[in-house]
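These notes are about the structure you will find just below.
The values are calculated or read from the model by the stated rules, or taken from the named source; none is laboratory data. The structure displayed is predicted, hence computed values, not measured ones. For neighbour counting, all protein chains shown are included, and Cβ atoms are generated from backbone atoms with ideal geometry for every residue, glycine included.
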Amino acid sequence: KAKLDGKKTFRMYETGKDGWRDDKSDQLYAIRRGLTDNEFQLFMQPKISMCTGEVVGYEALIRWQHPEQGLLYPQQFLPLINGTTLEIQLGEWVIRQALMHLQQWQNQNHHWHISINLSAYHLGFNGFLQRLGEIIADFPEVDLQFFQFEILESHALDDLSLIVDVVRRCRNEFKIKTVLDDFGTGYSSLSHIRTLPVSAVKIDQTFVRNMLVDVDDCKIVEGVIALARSFDLEVIAEGVESLRHGQILLSMGCEFAQGYVIAKPMPVNELLAWNQQFSLPQDWRKYRYHQQH
Ligand code: C2E
Ligand code: MG
Ligand code: MG
Ligand code: MG
């Protein structure tokens, strides 16, 4: 992604005479060590309803607070563990951590959902549902209707019937909803929307971001919203960077928004304070008024 251009994956500092090394097995070792040493963190980015002006939930986005290299973003380390058992371990850590936050919010009477990103590899791993059940059993009080998975459609292709089955069982057995992330970027979006038992689609931020300057992207966004709505799916726009984006999305029938104009992903300990001072911008509210009347 653009903001990471020029940034590489993290590098290990080798104290020996070789200087920098970035051998893959060293990197995997470092990630494993980071996991043991509790260096990973979930940042939270709010999702709002542009109709009610309320925060409906938060997306959990992983970060690595690396002792020497500072805060690392998912693109800097997730590609390295793609398709390895470490990816599954990290994914299980994310599930556990998210349930812990959800439990805390529910104890405080907040009705926010939490969504986590899961790789299709993890979802398709054959112990997935059993492990999920075991982790969930550690949180007997949590209301799982507020737990959601986001899956990337570009990866959901490999074994679609397996993914369909897992997504359905998550919904039927655990009441966990699934959202199709980055919708429109995969190459069989149209069949996914009818095959996968998802409850919502997230329009990819590249379309959203360019919709004000690129008439084609604007048409795609409008088309995706109409398509999703005709399948009775909720629509979330990601990458909402200005009020104008929000207004146009709302007029196209997209209710939910996530993006920098609302808030950047934040550390969990800033969330309550942010939430308290948040209100839908005045201009947005005015527009909503005109829409409804
Ligand atoms: P995603 O799930 O599509 O998440 C949205 C990404 O867009 C996040 O980047 C977020 O910080 C960024 N973003 C949100 N609003 C805006 C905006 O208004 N403008 C711009 N330019 N960007 C915005 P992030 O946190 O770097 O995550 C990148 C990707 O890494 C995620 O894309 C997701 O696919 C993956 N990812 C993040 N956390 C996890 C995780 O815990 N597990 C797995 N498997 N993947 C993760
Ligand atoms: Mg996501
Ligand atoms: Mg996305
Ligand atoms: Mg994305």
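A few points about this structure:
- Qualifying residue in the range 152-166 (condition: within 16 Å of ligand 1 (Cβ to nearest atom), over 26 Å from ARG131 (Cα atoms) and in a loop (DSSP other than H, G, I, E, B)): no
- Here LEU123 passes the criteria (1) in contact with a strand residue (DSSP E or B) (Cβ under 7 Å, 6 or more places away or on another chain); (2) more than 12 Å from ligand 1 (Cβ to nearest atom) except the one numbered (2).
- For the range 41-61, a residue qualifies if it is under 16 Å from the mean Cα position of the chain (by Cα) and more than 16 Å from ligand 2 (Cβ to nearest atom), and the qualifying residues are GLN41, VAL55.
- Filtered residue count, the range 240-257, keeping only those that are within 16 Å of ligand 3 (Cβ to nearest atom) and either buried (at least 24 other Cβ atoms within 10 Å of the Cβ) or not in a loop (DSSP other than H, G, I, E, B) (or both): 6
- The residue of the range 219-233 that is surrounded by the fewest Cβ atoms within 10 Å (Cβ to Cβ), among those that are outside any loop (DSSP other than H, G, I, E, B) and either within 14 Å of ligand 2 (Cβ to nearest atom) or free of Cβ contacts under 8 Å to residues at least 12 places away in the same chain (or both), is SER230.
- Single residue of TYR13, TYR29 found to be modelled with pLDDT under 55 and among the aromatic types (Phe, Trp, Tyr): TYR13
- Among the residues of the range 174-206, those identified as in a helix (DSSP H, G or I) and within 11 Å of ligand 4 (Cβ to nearest atom) are GLN205, THR206.
- As a summary of the residue check, PHE149 satisfies the conditions (1) more than 16 Å from ligand 3 (Cβ to nearest atom); (2) in a strand (DSSP E or B) except for the one numbered (1).
- Take the conditions (1) more than 30 Å from LYS24 (Cα to Cα); (2) within 16 Å of ligand 4 (Cβ to nearest atom); PRO46 misses just one of them, which is (2).
- Reported count of residues in the range 207-216, each being assigned to a loop (DSSP other than H, G, I, E, B) and charged (D, E, K, R), is 1.
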